[in-house]
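The structure appears right after this line, and notes come after that.
The values are calculated or read from the model by the stated rules, or taken from the named source; none is laboratory data. Keep in mind that what you see is a predicted model, and the values were worked out from it rather than measured. Here Cβ is always computed from backbone atoms with ideal geometry, including for glycine, and neighbour counts include all displayed protein chains. Each accessible area value is taken on the protein alone, full model and side chains, heavy atoms only, with ligands, DNA and RNA left out. Shrake-Rupley method; radii C 1.70, N 1.55, O 1.52, S 1.80 Å.
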Amino acid sequence: MPTQKKIQQVEEIRGKFQEAGACWFVDACGLTVKEVQQLRRDIRAAGGQMKVYKNTLTARAIAELGYPEIPEVLAGPTAFVFTGDDVAAPAKAIKDFAKTNDILQIKGGMMDGAFLTPAEVEAVASLPSKEVLIAQIAGAISGVARGLAVTINGVPSGLAQCVKQLSEQKAA
């Protein structure tokens, strides 16, 4: 029979999964305390939060949400990195930390109720940030609007030039 404390932890984990844009699973076993603290700071600065829960409680919360089972990922020590709206920034923080520290292993992730492989998590990490994507879209829209304005302005300008040339010809 589950204890009240475990039931509350499962509810907390389930809430974290529901609130998060994504969750990345990492194996941080073997890192020193200072390295883990630095990883947590990097993730927090990127808008994420790293938590460690018991795998059995996490598996139960995932099952209650109707997400696919991932027993191979929840085997062994696992830290869970919950993201905010920008799912790529915490993934980049993990990837950057893993570049300088070979001990950290990306085990996978969960986004929109689907499991992501470690390669897919790294692909998400290579995406530009939300602000950069918005700037790129704004630039593309601005370019189209500028081209349209030049084209629309070209019609009356061309007509005015034709009228001017005709008047010059008739005057001569």
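With respect to residue 149, is the statement that it is surrounded by fewer than 13 Cβ atoms within 10 Å (Cβ to Cβ), of a type in the set (A, V, I, L, M) and more than 18 Å from residue 49 (Cβ to Cβ) true? Yes, satisfied.
Return the residue satisfying two criteria in turn: it lies in the stretch 47-66 and is in contact with a strand residue (DSSP E or B) (Cβ under 9 Å, 6 or more places away or on another chain) and surrounded by 19 or more Cβ atoms within 10 Å (Cβ to Cβ), and of such residues it is nearest to residue 2 (Cα to Cα). Looking at residues that are in contact with a strand residue (DSSP E or B) (Cβ under 9 Å, 6 or more places away or on another chain) and surrounded by 19 or more Cβ atoms within 10 Å (Cβ to Cβ), I get 58. So residue 20 ticks every box in (1) touching a strand residue (DSSP E or B) at 6+ places or on another chain (Cβ under 9 Å); (2) farther than 20 Å from residue 124 by Cβ but one. Which box is left unticked? Looking at each condition in turn, residue 20 falls short on (2). Just give me the residues in the stretch 114-146 being open to solvent by 80 Å² or more (accessible area, probe 1.4 Å) and among the aliphatic types (A, V, I, L, M), in sequence order. Scanning the stretch 114-146 gives 127, 134, 137, 141, 144. Selection over the stretch 80-121 of residues that are over 14 Å from the mean Cα position of the chain (by Cα), of a type in the set (Val, Ile, Thr) and closer than 13 Å to residue 25 by Cβ gives a count of 2.
Would you check if there is a residue in the stretch 67-80 being surrounded by 12 or more Cβ atoms within 10 Å (Cβ to Cβ), under 19 Å from residue 105 (Cα atoms) and either in contact with a Pro (Cβ under 8 Å, 6 or more places away or on another chain) or modelled with pLDDT of 90 or more (or both)?
Filtering the stretch 67-80 for residues surrounded by 12 or more Cβ atoms within 10 Å (Cβ to Cβ) gives 67, 70, 73-74, 77-80.
Then drop every residue that is not under 19 Å from residue 105 (Cα atoms), which leaves 70, 73-74, 77-80.
Checking which are either in contact with a Pro (Cβ under 8 Å, 6 or more places away or on another chain) or modelled with pLDDT of 90 or more (or both) leaves us with 79-80.
Yes: the stretch 67-80 contains one or more residues that are surrounded by 12 or more Cβ atoms within 10 Å (Cβ to Cβ), under 19 Å from residue 105 (Cα atoms) and either in contact with a Pro (Cβ under 8 Å, 6 or more places away or on another chain) or modelled with pLDDT of 90 or more (or both).
What tally of residues in the stretch 113-152 results from selecting those that are modelled with pLDDT under 85 and in a loop (DSSP other than H, G, I, E, B)? Looking only at that region, the number is 5. Taking residue 85 as the residue in question, decide whether it is closer than 23 Å to residue 39 by Cα, acidic (Asp, Glu), touching a residue at least 60 places away in the same chain (Cβ under 8 Å) and loosely packed, with under 13 Cβ neighbours inside 10 Å. The answer is yes for residue 85. Considering only residues of the stretch 10-21 that are within 15 Å of residue 54 (Cα to Cα) and in contact with a Phe, Trp or Tyr (Cβ under 7 Å, 6 or more places away or on another chain), which is most open to solvent (accessible area, probe 1.4 Å)? Residue satisfying both the conditions and the ranking: 16.
Can you spot a residue in the stretch 93-108 that is under 23 Å from residue 71 (Cβ atoms), assigned to a helix (DSSP H, G or I) and touching a strand residue (DSSP E or B) at 6+ places or on another chain (Cβ under 7 Å)? So far as the stretch 93-108 goes, yes, one or more of its residues are under 23 Å from residue 71 (Cβ atoms), assigned to a helix (DSSP H, G or I) and touching a strand residue (DSSP E or B) at 6+ places or on another chain (Cβ under 7 Å). Look at the stretch 22-41: where a residue is over 19 Å from residue 119 (Cβ atoms) and open to solvent by 70 Å² or more (accessible area, probe 1.4 Å) and a partner is in a helix (DSSP H, G or I) and of a type in the set (A, V, I, L, M, F, W, C), sitting 6+ places away or on another chain with Cβ atoms under 9 Å, you get 38/97.
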